[in-house]
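Got a structure for you, questions after.
The values are calculated or read from the model by the stated rules, or taken from the named source; none is laboratory data. Since the structure is predicted, the reported quantities are computational estimates derived from the model, not experimental observations. Here Cβ is always computed from backbone atoms with ideal geometry, including for glycine, and neighbour counts include all displayed protein chains.
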Amino acid sequence: MSPLTKQINVALVHLGCARNLIDSENILGHLGSGGYALTGDVEQADVAILNTCSFIGPARDESEAAINDLLEAKRSRNLRGVIVAGCLPEKFRDEVVSKFPDVDAFLGLSDYSNVARIVEDVLKGRKVNELSGGRAPQGQGEFLRLLQTPRSYAYLRPSHGCDHNCAFCIIPKIRGKQSSKPIDAVIEETRLLVEKGVCEINLVAEDTTGYGKDLGRGAARLPDLVEAMAQVDGLKWLRVMYAYPNNFPWRLTEVMNQYDNVLPYLDIPTQHIATPVLKRMSRGGTGESVRRIMTRLRDEVPNIALRTTVLVGHPGEGRAEFEELLGWMKEFRFERLGAFTFSPEANTPSGNDTDRCSQEEALDRYAELMELQAEIHADFQQSLVGKTTTVLIDDTTGDTAIGRTWADAPEVDGVVKIDDPQHNLSTGAMVEATIISADGYDLRAELSDS
C-alpha cells in the first residue's frame with residue numbers, strides 16, 4: 001500500500017441490519033489491513049464511508065439523509081472524500097449517482113477487498129465509477145472482519161441472497177439468489193470468532209433455513225451446519241435468526257434439544273396469519289400451515305422462545321384480516337415480536353397494488369398491535385421473575401452490568417440489568433442470576449448465590 005495511507009483516518013458510518021453490519025466489519029477489516037487508521041468520529045476523518053440500507057422507503061430516506069450530512073461535512077470541514085457503499089448503490093445506482101454527484105465513489109455489494117485501493121484513488125482526487133469493491137460476496141468465507149459488536153457476541157452469515165419472491169420485498173433484487181458458503185468455511189469462521197473470545201454466535205441470513213439447498217444433493221443443510229458449529233470447542237451459545245417457516249428443516253429441533261449451547265430460541269418471521277394476505281404476499285403458505293409449524297416448534301423444543309415479525313397494512317389486509325392477526329397473537333403469545341408497516345416498493349408486485357389501507361390506518365394498526373404485544377411480552381417477562389438463569393454480559397455501565405438471557409437476541413430483544421457496584425462483571429462473562437423484577441421490556445436480576 002502506498003505511503004499515502006499511513007497517516008490517513010477513515011470513518012465508517014453503518015446503517016441497517018445485522019447482515020449489513022457484517023459488510024461494515026468486512027470493510028473495516030480490509031481498510032485496517034491496508035494500513036489505514038480507523039476512527040469512529042467523522043470529524044476526525046479524512047475519508048468517510050457510508051454503508052447504506054435500502055430495504056424499505058424509510059431506510060432509503062435515512063441513507064440519503066446520511067449522505068447529505070457527510071457531503072455537508074466535506075464542504076465545511078477537513079473531510080476529503082465521501083464513499084457510499086452497500087444496498088442503496090447496489091439497487092438504485094443510477095438514481096443516487098444522479099442525485100449525489102459530489103460523492104467520490106459508489107460501491108455495491110461485494111467482499112470489499114478493493115476498498116483500500118478505492119480510498120487511495122479518492123484521496124488522489126479520482127472519481128471511482130465502478131460498482132464493485134471486489135468480488136461478488138456469494139459463497140465465500142468472511143475472514144477479515146473487524147468486529148463492531150461487544151466481545152460477548154458476533155454475527156455470522158452462512159449464506160447470501162434469497163430465492164423467495166415475497167411480493168413486498170426487494171431484498172432478492174439487491175442481494176441476489178441464495179448462495180451458501182461451504183460448511184468448512186462457516187466452521188472456520190466460527191473457530192476464528194471463538195478464538196477472538198466471542199461467546200455467542202448469531203446466525204443471520206436472508207433465509208437461514210434455506211442454507212445448503214443451492215449446493216446440490218447430499219450437501220449439508222442447516223441442521224448439519226448447526227450441529228457442526230455446536231461442536232466447535234469454546235462456543236457457549238448459538239442462536240438461529242431469520243428462519244423461514246415453509247419447508248422448515250425439522251431435524252433442527254433435534255439438534256436444538258441435543259446440544260446445550262444451541263439456544264432454545266428461534267427467530268422465524270411469519271409476516272401474517274390471514275391466508276388471503278399471505279397469498280397476496282406470495283409467502284407460499286396458509287394461515288393453517290403457519291399455525292401448524294409454530295405449534296410444532298413449541299411441542300418439539302421445550303421452553304423455546306419464539307420471535308416473529310409481522311407486516312401490517314399490506315394490500316389485501318382489511319379490518320377482518322387484521323383482527324385475525326390480533327387473535328392469533330392473543331392465542332399463540334409470541335415471546336418476542338417485531339412489526340413494521342407496509343412500504344410500497346417499486347418493481348415489486350405489492351408496490352403498485354392500491355388495494356390497501358391508508359398509511360395513517362396502517363400506523364394505527366401498528367400501534368394497536370404493539371400495544372397488545374407489550375402486554376404479552378410483559379406477561380412472559382413476569383413469568384421469569386423468581387427464576388435463576390444464565391445471563392451473558394454485553395456491557396458494563398457505571399454500577400450496572402447489562403446482559404441477556406437465552407430468550408433475548410442482541411439489539412432486537414430486551415436486556416437484563418444487574419447491579420454491580422463492585423464492578424466484578426465484565427463483557428463476555430456468563431453468570432447465573434435470579435430475575436427479581438420486570439422493568440418494562442427489560443429485566444432486573446441479582447447474582448445467584450450458587
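So in segment 46-92, with the set limited to residues that are in contact (Cβ under 8 Å) with a residue 40 or more places away in the chain and small (Gly, Ala, Ser), which one is surrounded by the fewest Cβ atoms within 10 Å (Cβ to Cβ)?
57
Looking at (1) touching a residue at least 60 places away in the same chain (Cβ under 8 Å); (2) over 26 Å from residue 147 (Cβ atoms); (3) charged (D, E, K, R), can you tell me which one residue 25 breaks?
Condition not satisfied by residue 25: (2).
Still on this model: Could you give every pair whose Cβ atoms fall below 8 Å, whose first residue belongs to segment 279-291 and is free of Cβ contacts under 8 Å to residues at least 60 places away in the same chain, and whose second residue is outside any loop (DSSP other than H, G, I, E, B) and of a type in the set (S, T, N, Q), counting only separations of at least 6 or pairs across chains?
286/275; 287/275; 288/275
Step by step: first the residues of segment 268-283, then only those that are part of a loop (DSSP other than H, G, I, E, B) and out of contact with any His (no Cβ under 9 Å at 6 or more places or on another chain), then the one that is surrounded by the fewest Cβ atoms within 10 Å (Cβ to Cβ). Which residue is that?
Among those that are part of a loop (DSSP other than H, G, I, E, B) and out of contact with any His (no Cβ under 9 Å at 6 or more places or on another chain), it is 269.
Now for a different question. Of these, 358, 343, 426, which one is over 30 Å from residue 174 (Cβ atoms) and of a type in the set (Gly, Ala, Ser)? I'd like the intermediate steps shown before the answer.
Values: 358 fails: over 30 Å from residue 174 (Cβ atoms); 343 fails: over 30 Å from residue 174 (Cβ atoms).
Answer to the check: 426.
Can you tell me which residues in segment 159-178 are closer than 11 Å to residue 214 by Cα and surrounded by fewer than 18 Cβ atoms within 10 Å (Cβ to Cβ)?
Of everything in segment 159-178, those that are closer than 11 Å to residue 214 by Cα and surrounded by fewer than 18 Cβ atoms within 10 Å (Cβ to Cβ) turn out to be 163, 177.
Report yes if residue 46 is more than 23 Å from the chain's Cα centre (by Cα), over 30 Å from residue 346 (Cβ atoms), of a type in the set (Asp, Glu) and modelled with pLDDT of 90 or more, otherwise no.
yes
State which residue is surrounded by the fewest Cβ atoms within 10 Å (Cβ to Cβ) when the search covers only segment 284-331 and only residues that are over 24 Å from the mean Cα position of the chain (by Cα) and of a type in the set (Val, Ile, Thr).
Per the criteria, the residue is 295.
Hey, among the residues in segment 14-39 that are among the polar types (S, T, N, Q) and under 10 Å from residue 51 (Cβ atoms), which one's surrounded by the most Cβ atoms within 10 Å (Cβ to Cβ)?
26
If a residue has to be under 10 Å from residue 159 (Cβ atoms) and out of contact with any Pro (no Cβ under 9 Å at 6 or more places or on another chain) to count, how many in segment 211-247 make the cut?
The number of residues fulfilling the criteria is 2.
Continuing with this model, one more query. Show me the helices (runs of 4 or more DSSP H) entirely contained within segment 153-267 in which 1 or more residues are over 18 Å from the mean Cα position of the chain (by Cα) and at pLDDT 90 or above.
Correct list: 183-195, 222-230, 251-258.
Additional query: Only one of 345, 361, 317 is at pLDDT below 95, under 30 Å from residue 91 (Cα atoms) and not assigned by TED's automatic domain parsing to the domain that holds residue 254. Can you tell me which?
Only one candidate qualifies: 345.
Within segment 400-410, identify whether any single residue is surrounded by 15 or more Cβ atoms within 10 Å (Cβ to Cβ), of a type in the set (D, E, K, R) and touching a helix residue (DSSP H, G or I) at 6+ places or on another chain (Cβ under 7 Å), and answer yes or no.
No; the residues of segment 400-410 include none that is surrounded by 15 or more Cβ atoms within 10 Å (Cβ to Cβ), of a type in the set (D, E, K, R) and touching a helix residue (DSSP H, G or I) at 6+ places or on another chain (Cβ under 7 Å).
While we're on this one: Suppose we keep only residues that are touching a Leu at 6+ places or on another chain (Cβ under 6 Å) and charged (D, E, K, R) within segment 87-109. Which one would you say is nearest to residue 120 (Cα to Cα)?
If we take residues in segment 87-109 being touching a Leu at 6+ places or on another chain (Cβ under 6 Å) and charged (D, E, K, R), then 102 is nearest to residue 120 (Cα to Cα).
For segment 223-256, which residues satisfy the criterion of being of a type in the set (A, V, I, L, M, F, W, C), surrounded by 21 or more Cβ atoms within 10 Å (Cβ to Cβ) and in contact (Cβ under 8 Å) with a residue 40 or more places away in the chain?
If the condition is that a residue be of a type in the set (A, V, I, L, M, F, W, C), surrounded by 21 or more Cβ atoms within 10 Å (Cβ to Cβ) and in contact (Cβ under 8 Å) with a residue 40 or more places away in the chain, then 225, 229, 237, 241, 252, 256 are the ones that fit.
Given 83, 8, which one is within 24 Å of the chain's Cα centre (by Cα) and within 15 Å of residue 119 (Cα to Cα)?
The match here is 83.
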